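The values are calculated or read from the model by the stated rules, or taken from the named source; none is laboratory data. Being a predicted model, the structure only gives us computed values, none of them experimental. Note: ideal-geometry Cβ built from the backbone for every residue, glycine included; neighbour counts use all protein chains shown.
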Amino acid sequence: MKISKTETTLMIKLEDEKTIFDIITSDDLFWNDLSFYVSGHDGWSYLYDQNRDKVIMLDDYGFDLLKELLDKRQIELTYVDNGEDYQGYEWNEA
């Protein structure tokens with residue numbers, strides 16, 4: 001899995017066959033300071049970029065970006081600020 005970052009986006013490209021479990025437990029996320037979370041607050045899943053203190057919502061009202069990644073082999077994700085909209089999530093309590 002290749003991961004590249006710009007100031008506002010995160011690009012993930014699969015280089016070989018993966019499952020969703022392979023993606024969310026990947027060392028590639030860890031080495032790029034990304035953590036996968038499922039919120040206990042609403043059940044949705046997120047990536048948190050620890051260096052930038054920004055989040056990426058992976059599913060929203062039935063849309064699943066991890067499934068899109070498996071289908072298309074590459075996705076571009078947009079960061080959002082880790083602010084008031086995300087109060088109560090585990091990474092916002094530190």
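A few notes on this one:
- Top-ranked residue of region 10-31 - restricted to ones that are under 11 Å from the mean Cα position of the chain (by Cα) and not in a helix (DSSP H, G or I), ranked as surrounded by the fewest Cβ atoms within 10 Å (Cβ to Cβ): M11
- Single match in W44, W31 (criterion: of a type in the set (F, W, Y) and under 17 Å from M1 (Cα atoms)): W31
- Region 80-94, residues that are in a loop (DSSP other than H, G, I, E, B) and either at pLDDT 90 or above or not acidic (D, E) (or both): N82, G83, Q87, G88, Y89, A94
- Residues of region 32-46 that are in a strand (DSSP E or B) and modelled with pLDDT of 90 or more: L34 alone.
- Here D53 qualifies as at pLDDT 85 or above and farther than 20 Å from R73 by Cα.
Okay, residues lined up against (1) loosely packed, with under 12 Cβ neighbours inside 10 Å; (2) under 11 Å from the mean Cα position of the chain (by Cα):
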site: L34; (1), (2): no, yes
site: H41; (1), (2): yes, no
site: L47; (1), (2): no, yes
site: N51; (1), (2): yes, no
site: D60; (1), (2): yes, no
site: L65; (1), (2): no, yes
site: L70; (1), (2): no, no
site: R73; (1), (2): no, no
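- Tally of residues being without any contact (Cβ under 8 Å) to a residue 24 or more places away in the chain, outside any strand (DSSP E or B) and closer than 26 Å to N51 by Cα across region 61-79: 2
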